[in-house]
Amino acid sequence: MAGFVKVATTDELPSGQAKKVDIGEKTIALFNISGSYHAIDDTCTHEGGPLSEGEIEGNIVTCPWHGARFNVTTGEVVRPPAEESVSYYQSRVNGSDIEVES
């Protein structure tokens, strides 16, 4: 059954930063974009690079391995070499807890 799971607190994730979190067997990249939290798969669809370690510009993250770029608010790929988007997960803030839908 799907539901929301606490993955971090707002104090743990400053604006413009990312954090790798695990929900069950999924590894997710959690982003704070100007106080708005977004969660996508942490694994680049090109060759598996860790998106949580990529450079963030606005709402775009660049994979540190080969430069593919993804929109963190949708999971959509916006620049090759990746051709497939990553999954996007709903997130919410409950008090100071950041929760992601599992």
For Pro64, what charge total do you get from the other residues with a beta carbon under 9 Å from its beta carbon, if Lys and Arg give +1 and Asp and Glu give -1?
-> -2
How far is the Cα center of region 1-28 from the Cα center of region 49-101, in Å?
-> 12
Note down the relative contact order for the chain as a percent, whole number, built from C-alpha pairs under 8 angstrom at least six residues apart.
-> 28
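Can you give the local net charge around Lys6? Use residues other than it whose beta-carbon is closer than 14 angstrom to its beta-carbon, Lys and Arg +1, Asp and Glu -1.
In short, -4.
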Residue-wise, which Karplus ³J(HN,Hα) couplings in Hz belong to region 97-102, taking 6.51 cos²θ - 1.76 cosθ + 1.60, θ = phi - 60°, and x for glycine or proline?
-> 8, 9, 10, 10, 6, 9
Restricting attention to the alpha-carbon atoms of the chain, what are Rg (one decimal) and Dmax (integer), both in Å?
-> 12.6, 39
Using the Cβ atoms and a cut-off under 10 Å, what net charge is assigned to the surroundings of Ala29, where Lys and Arg are +1 and Asp and Glu are -1?
-> -1
All aspartates and glutamates inside 18 Å of Lys19 as judged from Cα atoms, apart from same-chain residues fewer than 8 positions distant = Asp11, Asp41, Asp42, Glu53, Glu55, Glu57, Asp97, Glu99, Glu101
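Could you list the GluC sites (Glu not before Pro) in region 1-95 that lie in coil according to DSSP, counting only those with at most 12 other Cβ atoms within 10 Å of their Cβ?
Listed in order of number, the matching sites are Glu25, Glu47, Glu83, Glu84.
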Given a Förster distance of 22 Å, the FRET efficiency implied by the Cβ-Cβ spacing of Glu57 and Ala2, rounded to the nearest 0.05, works out to 0.10
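Quick note: the coordinates plus some simple rules give every number you see, no bench work behind them. Since we're looking at a predicted model, the values are computed, not measured. For neighbour counting, all protein chains shown are included, and Cβ atoms are generated from backbone atoms with ideal geometry for every residue, glycine included.
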